[in-house]
Structures are given as C-alpha cells and as structure tokens.
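I have placed the structure first, in the form of structure tokens, so that the comments after it can refer back to it.
The values are calculated or read from the model by the stated rules, or taken from the named source; none is laboratory data. Treat the numbers as computed from the prediction; the structure is a model and nothing was measured. Cβ placement follows ideal geometry from the backbone for every residue including glycine, while neighbour counts extend to all protein chains displayed. Accessible surface areas use protein heavy atoms only, side chains included; no ligands, DNA or RNA. Shrake-Rupley method; radii C 1.70, N 1.55, O 1.52, S 1.80 Å.
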Amino acid sequence: MNPDPEGRDPGDVLRELRGRLNRGLGRRLLLGALALLGLVGLFTSYAQVEPDEVGVILRLGRFAGTVEPGPHFRLPFWVDRIVKVPVQRQLKAEFGFRTESVSTRNTSYSASTSDLKRESLMLTGDLNVAVVEWIVQYKIKDPYKYLFKVKNVEGMLRDISEASMRAVVGDHSVNEVLTTGRQTVATQSKLLLQDLADRYETGVDIQQVVLQDVNPPDPVKPSFNEVNQAIQEKERAINEAYAERNRAIPRAKGEAEEALRSAEGYAIERINRAKGEAERFTRVYDEYRKAPEVTRRRMYLETVSQVLTGAGQKVVMDENLKGFTPLLRMDGADPVSAGAAQVKEAQR
C-alpha cells in the first residue's frame with residue numbers, strides 16, 4: 001500500500017520538506033542578521049560626552065571636527081569614532097616623587113628610586129646641588145593638537161618640564177632655591193614651560209608650577225644646616241645691632257633736643273632777669289633822685305637784713321652794757337631773735 005495518497009515517492013516528499021525547512025531557516029537567519037546589524041548600527045551611532053570633556057570626531061581615522069558635551073549621533077559601524085578629551089579636568093605631573101594613594105587621613109608616596117632621584121637632583125647657579133621636587137598642574141586647551149601633533153604628550157610634557165626647571169634652577173643660587181626665591185623659581189619655570197609647550201604644539205595650558213619640597217642632598221644636610229644656623233645667627237646679630245641703633249639714635253636726639261631747649265630756656269631766663277634787674281635799678285635810681293637819704297637808708301637796711309639772715313648765730317651787744325651774761329639758747333629758738341630779745345631786756 002502506498003502511503004502517499006497522491007502516489008508520490010517518499011524520497012521526493014522528504015526532499016520537499018527539507019527544502020521548505022531550509023528556506024524558512026534562511027529567512028529567519030536573514031532577519032536575525034538584519035536585526036543584529038540594526039542593533040549594532042544603532043549602538044555605534046550613539047555617543048555620550050561628559051560635561052568635563054570634548055569629543056573629537058575621527059571619520060575613518062581622519063579628524064572631522066569636535067562636539068560639545070552631551071548626547072550625539074555619529075555615522076554607525078565605526079565610520080565615525082569619538083575620542084573623549086578631558087579639557088575641563090585639571091591634570092598634574094609629579095617630579096621627584098610619586099603619590100600612591102590619597103585619603104583624608106594620610107597620603108602615601110612611593111619609595112624613592114634612582115629614577116626619582118635623578119629627575120630631582122639639580123645643579124644651582126653657584127655650583128651647589130639641590131634636591132627639587134615639584135608638581136606641574138595643567139589643562140588641555142586644544143584637543144586637536146593634544147591628539148595629533150605630539151605622539152606622547154605626557155612624556156613630552158615631563159621632558160620639557162624637567163628641562164625648564166633645570167634651566168631656572170641653574171640661574172639661581174642654592175639659598176634662593178631653598179628659601180627666598182622659591183616663588184620666583186616656580187613662576188619663571190611656569191613661563192618657560194608654557195613657551196616650550198606652545199612651541200612643540202602640545203595643546204596644553206600650564207596652570208601652575210608648585211615647588212613641593214627643596215632640600216640639600218642627604219650627605220651634605222648636616223653641613224648645610226650648620227651654615228644656615230650661622231647665617232641666622234649673623235642676621236640676628238645684625239638685627240640686634242640695628243635695633244640698638246634705632247634705640248640709641250632717637251634717645252641721643254631727644255637728649256640733644258632737651259639740652260637745646262634747656263639752654264634756650266636758660267638764656268631767656270637770664271635775659272629776662274637782666275632786664276628785670278636793669279628795670280629795678282632804674283626805678284631805684286629814680287626814687288633815689290627824689291629822696292636820696294630815705295632811699296639810701298632803705299637800701300642799707302635791706303642789704304644788712306639779707307646779710308644777717310645768712311650769717312648764722314650772731315649776738316650783738318652794746319659795748320657800754322654792764323653786768324650782762326651771754327646765754328646760749330639750746331631750745332632751738334632763733335639765735336638772732338633770742339639775742340635781740342636779750343639786748344632789749346638788758347636795755348630795759
């Protein structure tokens with residue numbers, strides 16, 4: 001009995017069924033491939049640029065422009081590729097040391113190596129050696145130059161930073177680099193570094209150069225500290241001398257001014273006294289001309305009164321007085337008054 005009602009060969013039926021299955025599977029595979037291709041195209045056509053970044057569009061590897069922060073669509077299937085450049089982020093490069101971790105409590109640095117010592121060891125203008133550690137803080141100002149003008153911008157920046165710092169340190173003495181000239185060294189190094197960065201078209205803007213730590217080499221630190229101590233003692237002695245001078249000079253000027261004013265006052269006093277005595281003499285002379293005898297007696301009595309007041313203890317007795325016994329007063333009374341009283345008593 002033939003199982004096919006139409007009388008077909010079973011082999012032909014199987015082949016037909018297999019063909020139908022293959023055609024359905026091919027359509028499904030084609031649809032799946034198209035869907036996958038659409039997803040890949042959609043995925044590769046969207047790009048998100050962060051707020052602190054700028055997107056550089058590379059179309060088949062060639063620069064095609066830049067895009068601002070935000071969502072953007074590009075040609076799919078990697079025809080357009082967006083390279084994100086952090087233009088608003090402040091970057092830094094460390095020289096002479098490396099920071100391993102930063103926390104609110106403690107900051108750890110990597111161990112000193114020969115490379116770190118080499119980049120921080122510098123020769124100053126007075127042929128001394130100093131260990132200079134510094135930080136360069138910079139931003140990317142031109143994404144195109146940053147990506148395409150220099151192959152390794154970070155390496156180039158480190159090289160020109162070290163060159164500029166060595167050039168500036170070589171123009172200053174070791175004392176300036178260690179103490180008073182640190183800010184000047186940092187400022188000059190920043191200007192020179194920016195000039196080199198612009199000349200080599202690195203596309204970076206140098207924000208700040210900070211001298212982190214400047215010390216003499218370890219083998220000469222004790223001697224250097226002794227020299228600094230001697231310099232500080234010298235400065236202290238000079239400052240003390242200036243302070244003493246500042247005290248002595250105003251004091252001497254004050255004493256001289258005082259002596260001058262005293263002399264001027266004495267001169268005025270003598271002149272006024274002389275004028276007063278001359279005026280008094282004139283008045284006495286006028287009175288003498290009016291009454292010579294009275295004026296003469298009054299002048300005599302005034303003169304005797306002044307002389308006797310300063311003469312001390314004196315007893316004046318009448319030479320004709322008889323039976324008078326001199327008595328020395330011991331009760332502190334005025335001898336002149338007592339002597340006058342005795343004379344009056346004896347006269348009675």
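Residues Glu319, Glu302, Glu293: which one is of a type in the set (Asp, Glu), open to solvent by 90 Å² or more (accessible area, probe 1.4 Å) and at pLDDT 80 or above?
Only one candidate passes the filter, namely Glu293.
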Taking the range 111-124 as the search range and keeping residues that are over 15 Å from Asp213 (Cα atoms) and at pLDDT below 80, which one is most open to solvent (accessible area, probe 1.4 Å)?
Ser114
I need the full set of residues from the range 171-189 which are open to solvent by 60 Å² or more (accessible area, probe 1.4 Å) and either touching a Gly at 6+ places or on another chain (Cβ under 6 Å) or under 16 Å from Gln137 (Cα atoms) (or both), in order please.
Asp171, Gln183, Thr187, Gln188
Failed condition for Ala237, given (1) open to solvent by less than 50 Å² (accessible area, probe 1.4 Å); (2) out of contact with any Asp or Glu (no Cβ under 6 Å at 6 or more places or on another chain)
(1)
Within the range 126-170, the count of residues that are surrounded by fewer than 15 Cβ atoms within 10 Å (Cβ to Cβ), under 22 Å from Ala197 (Cα atoms) and either of a type in the set (Asp, Glu) or touching a Pro at 6+ places or on another chain (Cβ under 7 Å) (or both) comes to 2
Does Val210 qualify as being part of a helix (DSSP H, G or I) and in contact (Cβ under 8 Å) with a residue 12 or more places away in the chain?
no
Check Asp286, Asp198, Asp205 and return the single one that is within 30 Å of Tyr144 (Cβ to Cβ) and either assigned to a helix (DSSP H, G or I) or open to solvent by 100 Å² or more (accessible area, probe 1.4 Å) (or both).
Asp198
For the range 67-82, which positions are open to solvent by 30 Å² or more (accessible area, probe 1.4 Å) and more than 42 Å from the chain's Cα centre (by Cα)?
Pro71, His72, Phe73, Arg74, Leu75, Pro76, Phe77, Trp78, Val79, Arg81
Considering each residue of the range 213-231, count those that are surrounded by 13 or more Cβ atoms within 10 Å (Cβ to Cβ), in a helix (DSSP H, G or I) and modelled with pLDDT of 85 or more, and give that number.
0
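Is it the case that Val67 is in contact with a Gly (Cβ under 8 Å, 6 or more places away or on another chain), touching a residue at least 40 places away in the same chain (Cβ under 8 Å) and over 30 Å from Arg118 (Cβ atoms)?
no
Just checking, does the range 341-348 include any residue being modelled with pLDDT of 80 or more and small (Gly, Ala, Ser)?
Kept after step one, since they are modelled with pLDDT of 80 or more, are these residues of the range 341-348: none.
No, that holds for no residue.
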What number of residues within the range 108-155 satisfy the criterion of being closer than 22 Å to Thr66 by Cβ and touching a residue at least 24 places away in the same chain (Cβ under 8 Å)?
15
Pick out, from the range 22-85, the strands (runs of 3 or more DSSP E) lying fully within it that include 1 or more residues that are within 16 Å of Pro143 (Cβ to Cβ) and hydroxyl-bearing (Ser, Thr, Tyr).
62-67
